[in-house]
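Okay, handing you the structure first.
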Amino acid sequence: MIRFAQVSKRYESGHDALKNVSFHLDKQEMVFLIGRSGAGKSTLLKLITRVESATRGQLIVNERNITRLTRRQVPYLRREIGVVFQDHKLLHDRTVFDNVALPLVVAGVGHRETSRRVRAALDKVDLLGKERLYPIMLSGGEQQRVGIARAVVNRPPILLADEPTGNLDPELSDEIMDIFHQFYQFGVTVLIATHEHRHIDRLNKRVLELEQGRLVRGGDEQAEP
Amino acid sequence: MSYFVRHAQVLLSSLGQLARAPGSTLMTVCAIGITLALPTLLYLLVENVENVSRNWQGRAQVSVFLKLDATTQQAQNLERELAQRAEVESSQLITAQQALEEFRAQSGFGVALDILSDNPLPASILLHLNSDYNQPSAIEGLIAEINSRPEVDLAQWDMAWIKRLHVILKLVERSVALLAVLLVLAVVIIISNTIRLAIMNRRDEIEIMKLIGATERFIRRPFLYGGVLQGLLGALCAGAIVSVCVRLLRDPIAELVMLYHGDFTTSGIDLRAFAALLVAGAALGWLAARAAVGRYLSKIEPK
C-alpha cells in the first residue's frame, strides 16, 4: 500500500531529515512510527501526502508512483489518504458537521450522500448528536475525534496520524487509539506516528523506528547504494 | 451534483461572505462605484455635446452682414442673387428692423434701445450651403467673393467654430479614454486588494482545504465569484451615482439650452450603456480576482 525505496529528504536549509529510508506497508496493516522528536517522523508522513517531496528515492502510495506528481494530481492523491493531525486542524467558524463534510464537499459529493456519510463517520467516533456544535465547544478528545471523522469520511484506503494523542490524558489517548484500531479492523491501512510506547505494547503492532533520519527498526533490507 | 448546482452554491456562499462584513463590503462597493461613475459621466458629457453639434455638422452656414447704410432694397437684391447660386441651398434675409425686434425681445435691453435714435443693427443674410459643398477652400472662395461686394460689411463662415469644437471634442474624448484607462486600473487594484485580504484572512482554511484534497480550481472559485460580485455591485453603484448626477444636472442644462433657443434634452444613461457598465464591472472584478488569486493562492501551501 505504501512503499519507500531508498528515500532521502534534504530541506533547503541543508538539514537531512530522512536518509535512505526503505520500508513498505501492506494493505490492511497497522503500523506505529516511533522516534524522538526531530527524528523525521513528521517528514515521513508529509512525503506520503506530498506536502513535501522527496529529494531522492521512489515512493509508491496506493499502487501509484508519487515521486513525480504534477501540482494538478496532488489533490487526487490526498483524497485517497485520511490524515489526523496533532493540532486537529479544524475550522473553528464551522460546525462539527461542516468540518467533517469538508472532504466530501471538496470532492463534489451530493448533498444527501454527504449528509449520510457525515452521520456515519460521526457515529463511528461516537459524536452523533454533536454535529450542530462548533469545535470550540468540544473537549480536546472530542475535537480529535472530529478530526478522525473528517479523515475517514470519504473512506480512504490509507489513514495517517501524526501524534494524534499528543495532548490527551492516557484514558482519552487509549480511546483514540482504539478508534484507529477499529478502522484497521475494517480494512484500512493505518500508520501512526507516536512517542507513546504504551500503545505499542498494548496493541502489539509492527513498529518502524527512526533515529536521526535513518530507519533503525522495521525497514526493508536494502543494499546500501 | 451537477456543475450548475455547485456553481450556484458557491455564488450564494460568496454573497454570504460579502453580507457577513457589510461595512467593508459597502466601502469597497462605493469606492468602485465612484471610480466607475467618473468615466461614465465624462462619456455622457461627450455624447451629449456630440448630439448637440451633430445638428450643425455637414452643413456649412455663411452669415453675411450688410453695411449699416445698405438699404433694404439692396439687401433683398443681394439675397435673391445669392439664393440662385448652386452652392446655396436656402437663404434667409433678416432685415435691420427684424434684427432689432429680435434683439429687443431676447436681450432685455428694450428700454435702452428705445433711447437710441437709429437702429444700430445691420441687415444680414443667412446662407445654408449645400451639403455636398463643404470643402473649406471652396467655402473660403465664396466668402471672399461676397466680401468684395460694396454693400457687404462682413461675410463669415459659421463652420469655423464648429470645426474648432470638433477638434476640442476629439481632445476631450481622448482625455476621457485615457482617464478611463487609469480609473479602470484603479478598480482592478481596489478589487484585487480586497481579494488578497480575503485570501490572507482565510489562510488556515485554504491550507486545510489543500490538505484534504481540494483542487486549486475549487479553492479559487469562491474568490473569483467574490471579485465578480464586487465588480457587479460597484457597477450598480456607479449606475446609481450617474443617474442621480444626470437628474441633478438636467434642469440647469435645460435652462441653459433654452437661452440658446435649442431643442435639446440631456440624454442620461440608456439601457445599453447600463448593461455595458455592468458587464465591464463584472469583467474587471473577475480579472482583478484572477490576478490576486494567481499571485497569492499558490503561495499558501500546507506545511
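Here is the link list: A:19/A:205; B:67/B:170; A:89/A:130; A:130/B:303; A:19/A:124. Which ones come out longer than 27 Å on Cα distance? Intermediate values should be presented prior to the final figure.
Working: A:19/A:205 24 Å; B:67/B:170 37 Å; A:89/A:130 18 Å; A:130/B:303 30 Å; A:19/A:124 38 Å.
Pairs exceeding the cut-off: B:67/B:170; A:130/B:303; A:19/A:124.
I'd like the orientation of helix B:136-147 relative to chain B: the angle between its Cα long axis and the longest Cα principal axis, in ° from 0 to 90, rounded to 10.
For helix B:136-147, the angle is close to 30 degrees.
To continue, here is another question. If you average the C-alpha positions of the stretch B:156-217 and of the stretch B:1-22 separately, how far apart do those two centres end up, in angstrom?
Cα centres, the stretch B:156-217 to the stretch B:1-22: 24 Å.
How well do other chains shield peptide B:203-212, expressed as the mean number of their Cβ atoms within 10 Å of each residue Cβ?
Working: counts 0, 4, 5, 0, 2, 9, 6, 5, 10, 18.
Partner-chain Cβ atoms within 10 Å, mean over residues of B:203-212: 6.
On a 0 to 90 degree scale, rounded to 10, what angle separates helix A:170-185 from the longest Cα axis of chain A?
The answer is roughly 80 degrees.
Can you tell me the Rg and the Dmax, both Å, for the Cα atoms in the stretch A:92-155?
Every Cα atom of the stretch A:92-155 included, Rg and Dmax give 10.5, 31 Å.
Another one. With +1 on each Lys and Arg Cβ and -1 on each Asp and Glu Cβ, how big is the dipole of chain A about its Cα centre, in debye rounded to the nearest 20?
Numbers: 34 positive and 29 negative charges, 200 e Å.
With Lys and Arg at +1 and Asp and Glu at -1, about 960 debye.
Taking only Cα atoms of the stretch B:1-153, what ratio of Rg to Rh do you get with Rh as the Kirkwood inverse-distance radius? List each step's numbers first, then the result.
Values: Rg = 30.4 Å, Rh = 21.4 Å.
Rg/Rh: 1.42.
Given the Cα atoms of chain B, and with Rh set as the inverse mean 1/r over their pairs in the Kirkwood sense, what is Rg to Rh to two decimals?
Details: Rg = 31.1 Å, Rh = 24.6 Å.
Over the Cα atoms of chain B, Rg/Rh equals 1.26.
Rank by packing, highest mean first: peptides B:44-52, A:33-41, A:7-15, with packing defined as the count of other Cβ atoms within 10 Å averaged across residues.
Details: B:44-52: 15.7, A:33-41: 19.6, A:7-15: 12.9.
Going from most to least packed, we get A:33-41, B:44-52, A:7-15.
Another one. Please report how far the C-alpha centroid of the stretch B:65-79 lies from that of the stretch A:128-201, rounded to the nearest whole angstrom.
Their Cα centres are 109 Å away from one another.
Kindly express, to the nearest 10 degrees and within the range 0 to 90, the angle between helix B:159-201's C-alpha long axis and the longest C-alpha principal axis of chain B.
10 degrees
Let me ask something additional. Using a 10 Å cut-off around each Cβ of peptide B:213-220, what is the average number of partner chain Cβ atoms that fall inside? Please list the in-between numbers first.
Working: counts 17, 8, 10, 4, 2, 5, 2, 0.
For peptide B:213-220, the averaged partner shielding equals 6.
Once Lys and Arg get +1 and Asp and Glu get -1 on their Cβ, which of B:230, B:189, B:302 lies farthest toward the positive end of the dipole of the protein assembly as shown?
B:302
Here's a follow-up. Using helices alone, what [θ] at 222 nm do you get for chain B, with -39,500 (n - 2.57) per DSSP H run of 4 or more residues, divided over all residues and rounded to the nearest 500? Display every interim value, and only then the final one.
Numbers: 10 runs with 215 residues, N = 303.
Calculated at 222 nm, the ellipticity per residue is -24500 deg cm²/dmol.
Considering the Cα trace of the protein assembly as shown, what is its radius of gyration and what is Dmax, both in angstroms?
40.8, 130
Further question: What value in Å³ per residue do you get for the convex hull of the alpha-carbon atoms in chain A?
Details: hull volume 28.7 nm³, N = 225.
Hull volume over Cα atoms, normalised by residue count, gives 128 Å³.
None of the figures in this text is laboratory data; all of them are computed from the coordinates on show. All values reported here derive from a predicted model rather than from experimental measurement. All Cβ positions, glycine included, derive from the backbone under ideal geometry; neighbour counts span all protein chains shown.
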